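Enquirer: To start, I am sharing the structure in question, which I have written as structure tokens.
The values are calculated or read from the model by the stated rules, or taken from the named source; none is laboratory data. The structure presented is a predicted model; accordingly, all values stated were derived computationally and were not measured. So basically every Cβ, Gly included, is an ideal-geometry build from the backbone, and we count neighbours across all protein chains shown.
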């Protein structure tokens, strides 16, 4: 890839930011951004059936955007940002396959492999509950034992997003955030420390050039990239409406797998997840084992032989939910009842079975903790 091709990709992406679908279609037909720029005055010469009224390039505007693109490339070089275009081997290939409006330019900071063997987007409400946080941590911790290169994808937002990024980092999994702004800032700023850690094992990715004015619509727009880059999308807690459901809708449209964690019927934070499951738009997930089974991931034999596992057909749904709600620190029975939405007798009998199997231990004061 020449720097000239990169420059042209950046300029065209800026120029047609609101018509990225038509731009990608033209790019794929002619084979390069350079061909588009060099034939800007007569696009029909390289695309004979193109309606000239539907896709016009004003040469004056083009020069202005080429100048902007030059400044963007200078910014990228100064701050260690990689510009990825479709013919770059680092560009996420699945995005081009499923997303009809994949951007011609992506701005990446970090060391993420955007074409991993396995990847999972984890999204959810910004107002996450303890149940949601526990589910994210338990699922990521268990998956990390068997798939140490699994890429966790999310959006750096409050709630489930940041919980997913942090859990990935704690378990030494690479994690990438799709941003709704350029690399001149981190939003929210309170997540800066996490974002800086991610650049050591993962990274930050955006389609927006530096100093792009932040708009609410951009947060929904970037959700298509979260869905399009990942192998599957898991929704952990979602209210009746929200960005996580938008991500799930994109994944459904892309014919990618969508999964959701169920919650109590009367819990506002789980209405969206329960509805996804009830309408068959998402597979039910109560543990990491459900994800592996749904996606057909093959666990390496040596991992099965050496790692303690919850991938056991003898585990019931109740046992998995109770176990996932526990931590290695003491957890009170009342917290388990709230987290699982199960009755006290069911939780107590489940705890007794888990204790018998050496997975949990009862502590004074009606408290429990997991042992593995």
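Yes or no, residue by residue, for (1) more than 17 Å from the chain's Cα centre (by Cα); (2) without any contact (Cβ under 8 Å) to a residue 40 or more places away in the chain:
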{"position": "111", "(1), (2)": "no, no"}
{"position": "115", "(1), (2)": "no, yes"}
{"position": "120", "(1), (2)": "no, no"}
{"position": "185", "(1), (2)": "yes, yes"}
{"position": "191", "(1), (2)": "no, yes"}
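Enquirer: Restricting to region 248-266, what's the tally of residues that are part of a loop (DSSP other than H, G, I, E, B) and buried (at least 24 other Cβ atoms within 10 Å of the Cβ)?
Expert: 2
Enquirer: I need a count of the residues in region 232-247 that are surrounded by 19 or more Cβ atoms within 10 Å (Cβ to Cβ) and either part of a loop (DSSP other than H, G, I, E, B) or in contact (Cβ under 8 Å) with a residue 40 or more places away in the chain (or both).
Expert: 11
Enquirer: Can I ask one more? Does any residue of region 282-303 turn out to be at pLDDT below 90, loosely packed, with under 12 Cβ neighbours inside 10 Å and assigned to a helix (DSSP H, G or I)?
Expert: Yes: region 282-303 contains one or more residues that are at pLDDT below 90, loosely packed, with under 12 Cβ neighbours inside 10 Å and assigned to a helix (DSSP H, G or I).
Enquirer: What residue, of 350, 338, 328, 346, is at pLDDT 75 or above, part of a loop (DSSP other than H, G, I, E, B) and either within 21 Å of residue 140 (Cα to Cα) or not assigned by TED's automatic domain parsing to the domain that holds residue 141 (or both)?
Expert: 328
Enquirer: Only one of 173, 169 is closer than 30 Å to residue 359 by Cα and part of a loop (DSSP other than H, G, I, E, B). Can you tell me which?
Expert: 173
Enquirer: Within 28 Å of residue 85 (Cβ to Cβ) and either in the same structural domain as residue 255 (by TED's automatic domain parsing) or without any contact (Cβ under 8 Å) to a residue 40 or more places away in the chain (or both): which single residue out of 176, 100 fits that description?
Expert: 176
Enquirer: Evaluate region 218-226: report whether one residue or more is modelled with pLDDT of 95 or more and farther than 25 Å from residue 112 by Cα.
Expert: no
Enquirer: Here's something else I'd like to know. Quick one: is residue 197 free of Cβ contacts under 8 Å to residues at least 12 places away in the same chain, surrounded by fewer than 22 Cβ atoms within 10 Å (Cβ to Cβ), in the same structural domain as residue 250 (by TED's automatic domain parsing) and part of a helix (DSSP H, G or I)?
Expert: No, not satisfied.
Enquirer: Considering every residue within region 40-50, establish whether at least one is under 33 Å from the mean Cα position of the chain (by Cα), touching a residue at least 12 places away in the same chain (Cβ under 8 Å) and not assigned by TED's automatic domain parsing to the domain that holds residue 254.
Expert: Taking every residue of region 40-50 in turn, none turns out to be under 33 Å from the mean Cα position of the chain (by Cα), touching a residue at least 12 places away in the same chain (Cβ under 8 Å) and not assigned by TED's automatic domain parsing to the domain that holds residue 254.
Enquirer: Separate question: I'm told residue 185 meets every condition in (1) in a loop (DSSP other than H, G, I, E, B); (2) closer than 30 Å to residue 25 by Cβ except one. Can you identify the failing condition by its number?
Expert: (2)
Enquirer: Quick one: how many residues across region 354-370 are assigned to a strand (DSSP E or B) and touching a helix residue (DSSP H, G or I) at 6+ places or on another chain (Cβ under 9 Å)?
Expert: 6
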